[in-house]
């Protein structure tokens, strides 16, 4: 019997959670040594480039184009063709990544000028050096994304999403080992080398399981291999759509570079926290939905698609809405607990928590985009999400340029939030034209339960934080978040939310039995 979608999503979330926890440790160590300094700006900007290209050509786009075709072959018993497809796609990725990495190294000065036009000469020179070191990393992580596509299709979710943990560990080890003897630019260069080594380790931990699942295949660049052309045809529009999103990310960095030293780093710290619920709940639900829908693409009727998307959306709302409330109300103790150390001081905490509050406004929209885009991918329509993304990103960029004049980095974050809601709203409207209404009257009660629980949790968290004022910030943060979670869980369970019943119902039953 195949595991349920909720159980599979839990495996994805567990892998992402492990990665994010270690990632927060990495960022705390990074904050200790670099704070919001000019060197931190340079490293953030340099890392933005390979990350943007990895997102453009890797995990999300490759999964959206490769998984539907590969999973369909597996479902139809075409194992040999699936193996040949996997080998050809891997070969094309190796060749393309090698060429792109070489071009990236040669064009590092041009890339830096485009991404961070507001940097002074010192920050620019360091960023160029870091780009030259980090650029090959994206090709390695794209091959890791190929492993992810194979593993996910075969319902091996945990390993592929936990593998980036070793990338984080490599950077932590570099900073801890060398932070006492190196500083500033020299430490940043060492950290870039550590990140590159970490990407190799991330690929290495996935390869053995991937090769066992896909079986023996031949390296080939033959575009006539069954399934290759459909993958490439689908990949093109998805890459364009991802490119639009990555351009938005780069535009945010460009705008932040014009706000003075520290602005790029502030956005990076706030984004890391905001991405946690998006990755844990939005990405995990979407990651499971795509291969499952693709496996049954030939027989799935609109009712099945509506039900799966509706269940996924309800699950995202249950987890992401309270996260948004908590970030907005408890941002200061959260940021202080995670990052306030060494060169990252109280003033940095205040600025970063303000940016986090702005990102919190758009959490639900950002977490839902991948799920509803997966609905189109399952229908073999990769063009509609692109058109929607173009409009949403253009709007967000224009708003960011305007709002940053009044709100600084928080204005850039607020514009991203508005763009996310435009994106998801248009996706839902177009999906409903294809498959019928995704949200009906029966969906209102769970939403009411979430809103009531989140409001109650916010009050409990703020009151707890106030009562513990003056205590160590870590204790304040844990106590406030604990009070928030307790009230939210109790309220949603009492109001009958399906997710609360699934997660907390067994605990309540055990408590009743113990009290009997």
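For the reader, a short list of remarks on this structure follows.
- Qualifying position, being part of a helix (DSSP H, G or I), within 24 Å of the chain's Cα centre (by Cα) and within 12 Å of residue 45 (Cβ to Cβ), among 126, 143, 130: 130
- The set of residues in segment 105-121 being touching a helix residue (DSSP H, G or I) at 6+ places or on another chain (Cβ under 7 Å) and outside any loop (DSSP other than H, G, I, E, B) consists of 105, 108, 109, 111, 112, 115.
- Any hit, segment 187-195, residues being under 19 Å from residue 145 (Cα atoms), assigned by TED's automatic domain parsing to the domain that holds residue 31, part of a helix (DSSP H, G or I) and in contact (Cβ under 8 Å) with a residue 12 or more places away in the chain: yes
- Only one entry in 341, 382 is buried (at least 23 other Cβ atoms within 10 Å of the Cβ) and outside any helix (DSSP H, G or I), namely 382.
- Considering 327, 339, 376, the condition of being more than 30 Å from residue 184 (Cα to Cα) and modelled with pLDDT under 90 is satisfied by 376 alone.
- Considering residues of segment 1-13 that are at pLDDT 70 or above and in contact with a helix residue (DSSP H, G or I) (Cβ under 6 Å, 6 or more places away or on another chain) only, the residue farthest from residue 155 (Cα to Cα): 13
- Residues considered: 408, 375. Of these, the only one that is in contact (Cβ under 8 Å) with a residue 12 or more places away in the chain and at positive phi is 408.
- The listed residue being free of Cβ contacts under 8 Å to residues at least 60 places away in the same chain, assigned to a helix (DSSP H, G or I) and under 26 Å from the mean Cα position of the chain (by Cα), out of 170, 86: 170
- Residue tally, condition surrounded by 14 or more Cβ atoms within 10 Å (Cβ to Cβ) and touching a residue at least 40 places away in the same chain (Cβ under 8 Å), over segment 108-123: 7
- Which numbered condition residue 73 fails, given (1) more than 26 Å from the chain's Cα centre (by Cα); (2) surrounded by fewer than 18 Cβ atoms within 10 Å (Cβ to Cβ): (2)
- Of all residues in segment 397-406 being at pLDDT 90 or above and under 16 Å from residue 420 (Cβ atoms), the one that is surrounded by the fewest Cβ atoms within 10 Å (Cβ to Cβ): 398
- Selected residue (criterion: modelled with the highest pLDDT) from residues of segment 300-310 that are in a helix (DSSP H, G or I) and surrounded by fewer than 19 Cβ atoms within 10 Å (Cβ to Cβ): 310
- Single condition residue 363 does not satisfy, out of (1) surrounded by fewer than 24 Cβ atoms within 10 Å (Cβ to Cβ); (2) modelled with pLDDT of 85 or more: (1)
- Restricting attention to segment 152-164, the residues that are crowded, with 22+ Cβ neighbours inside 10 Å and assigned to a helix (DSSP H, G or I) total 6.
- Residue 27 meets all of the listed conditions (1) at pLDDT 80 or above; (2) more than 30 Å from residue 93 (Cβ to Cβ) but one, namely (2).
The values are calculated or read from the model by the stated rules, or taken from the named source; none is laboratory data. Keep in mind that what you see is a predicted model, and the values were worked out from it rather than measured. Neighbour counts are summed over all protein chains in view; Cβ atoms, including those assigned to glycine, are modelled from backbone coordinates with ideal geometry.
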